[in-house]
Amino acid sequence: MNDQQRQLNEQMDDRARDIFRRIVESYLNLGEPVGSRSLSKQLPVSLSPASVRNVMSDLEALGLIYAPHISAGRMPTEQGLRFFVDAFMDTGEVTENERMLIEQQLNAEGGGDTERLLTEASTMLSNVSRGAGLVLTSKREGTLKHIEFVQLEPTKALSVLVWDTGDVENRIVDLPAGMTTSQLSEAANFLNHHARGQRLNEARVTLDTQRKKVRGELDTLSADLVERGLAFWAGANDGQPRQLIVRGRSNLLEELHDAEDIARARLLLDDLERKDEIINLLDGAETGSGVRIFIGSENQLFSLSGSSLLVAPYRDSERKVVGAVGVIGPTRLNYARIVPMLDYTAQLISRMIEEK
């Protein structure tokens with residue numbers, strides 16, 4: 001338990017702990033709220049529904065339970081479930097039958113192929129948990145086949161990377177304030193055209209070379225415009241991006257090529273800004289947080305909300321964590337049964353990888 005959970009535990013007496021435990025266990029078994037009248041009948045010591053409601057009110061004030069709607073019983077909050085798992089749940093041991101099931105499934109189906117072993121592990125976990133079994137492995141970068149950016153919120157995006165091997169990887173990248181969906185789409189199109197068949201670090205070098213070329217051309221052109229008095233730079237000393245400010249229109253009309261130079265400078269500025277943004281996105285995709293995701297035997301990306309995720313790491317022959325196996329599903333998963341099975345599965349995968 002952490003400090004906050006210890007404080008919660010200290011604020012509860014034995015009666016409150018018992019009622020809380022029964023509310024959570026009823027929810028995990030039935031997925032429904034439980035009322036005070038039903039609880040009063042379950043308690044080993046006689047307690048009126050009114051007294052149970054008082055205890056439930058205290059638990060609600062602690063943020064451990066809530067009423068899903070008016071006149072309903074109570075269900076655990078996410079904080080309550082976390083508290084129950086950490087402070088109350090007895091996970092026990094993997095049964096002999098469960099141990100045999102896991103070993104038979106992985107030994108029979110995994111063979112000598114590590115990736116197939118992991119995929120079969122996720123399928124097995126899905127079957128025993130009735131959730132989605134998944135395997136998270138460390139990033140393994142090949143050459144880029146396709147990239148997409150999906151905006152999650154104003155300053156976050158999901159980069160979806162498709163490698164030449166057919167593997168799909170997603171990573172979270174930070175976005176500069178104000179970046180739009182259309183700009184993300186434009187960046188993806190640019191990268192798919194210029195970076196296909198390259199590793200991310202190679203694509204970055206390619207883009208950086210293009211950026212330097214554009215910057216050199218812009219510097220030469222803008223210096224000439226400034227020298228001729230047609231424009232001046234502003235903003236650099238104020239901590240703002242530099243802007244090329246064009247002077248009065250009468251100057252532009254003196255010679256046609258002056259107007260063409262100004263237009264060219266503006267295009268170069270826009271191009272430079274786009275390349276800066278694309279390189280930043282590529283940097284985020286290269287270093288951002290994220291993992292390869294497998295779901296059962298389908299091996300496709302998923303998106304679920306309001307779910308619980310249980311994860312156990314597995315290790316290589318050097319005892320380094322190289323990935324994790326897990327289960328994602330509704331919050332009313334059978335934690336007491338799944339946790340030891342998940343832990344044993346991770347240990348078995350580690351052992352099998354070490355033996356390869």
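The values are calculated or read from the model by the stated rules, or taken from the named source; none is laboratory data. This is a predicted model, so every value here is computed, not measured. FYI the Cβ positions are ideal-geometry reconstructions off the backbone, even for glycines, and counts take in every protein chain you see. Ligands, DNA and RNA are stripped out before the accessible areas are found, and what is left, the full protein with its side chains, is counted by its heavy atoms. Shrake-Rupley method; radii C 1.70, N 1.55, O 1.52, S 1.80 Å.
Points worth noting:
- Taking every residue in segment 160-183 that is under 15 Å from G142 (Cβ atoms) and pairing it with any residue that is hydroxyl-bearing (S, T, Y) and not in a loop (DSSP other than H, G, I, E, B), at least 6 positions away or on another chain, the pairs with Cβ-Cβ distances below 6 Å are R171/S159.
- Summed over segment 44-65, residues that are outside any helix (DSSP H, G or I) and either surrounded by 15 or more Cβ atoms within 10 Å (Cβ to Cβ) or touching a residue at least 40 places away in the same chain (Cβ under 8 Å) (or both) total 4.
- Residue list for segment 6-33, restricted to those being more than 12 Å from L62 (Cβ to Cβ) and either surrounded by fewer than 17 Cβ atoms within 10 Å (Cβ to Cβ) or without any contact (Cβ under 8 Å) to a residue 24 or more places away in the chain (or both): R6, D13, D14, R15, R21, R22, E25, S26, N29, L30, G31, E32
- Check on V94, more than 28 Å from V339 (Cβ to Cβ) and buried (at least 18 other Cβ atoms within 10 Å of the Cβ): no
- Scan of segment 117-143 for residues that are open to solvent by less than 20 Å² (accessible area, probe 1.4 Å) and either within 17 Å of N280 (Cβ to Cβ) or among the polar types (S, T, N, Q) (or both), ordered by number: S122, S129, T137
- Taken over segment 66-87, the criterion of being under 18 Å from Q5 (Cβ atoms), open to solvent by less than 50 Å² (accessible area, probe 1.4 Å) and not polar (S, T, N, Q) is satisfied by P76, G80, L81, F83, F84, V85, A87.
- Residue in segment 202-224 that is open to solvent by 10 Å² or more (accessible area, probe 1.4 Å), over 30 Å from V321 (Cα atoms), modelled with pLDDT under 80 and in contact with a strand residue (DSSP E or B) (Cβ under 7 Å, 6 or more places away or on another chain) present: no
- Unmet criterion (only one of (1) among the hydrophobic types (A, V, I, L, M, F, W, C); (2) in contact with a helix residue (DSSP H, G or I) (Cβ under 6 Å, 6 or more places away or on another chain); (3) in a helix (DSSP H, G or I)) for M75: (3)
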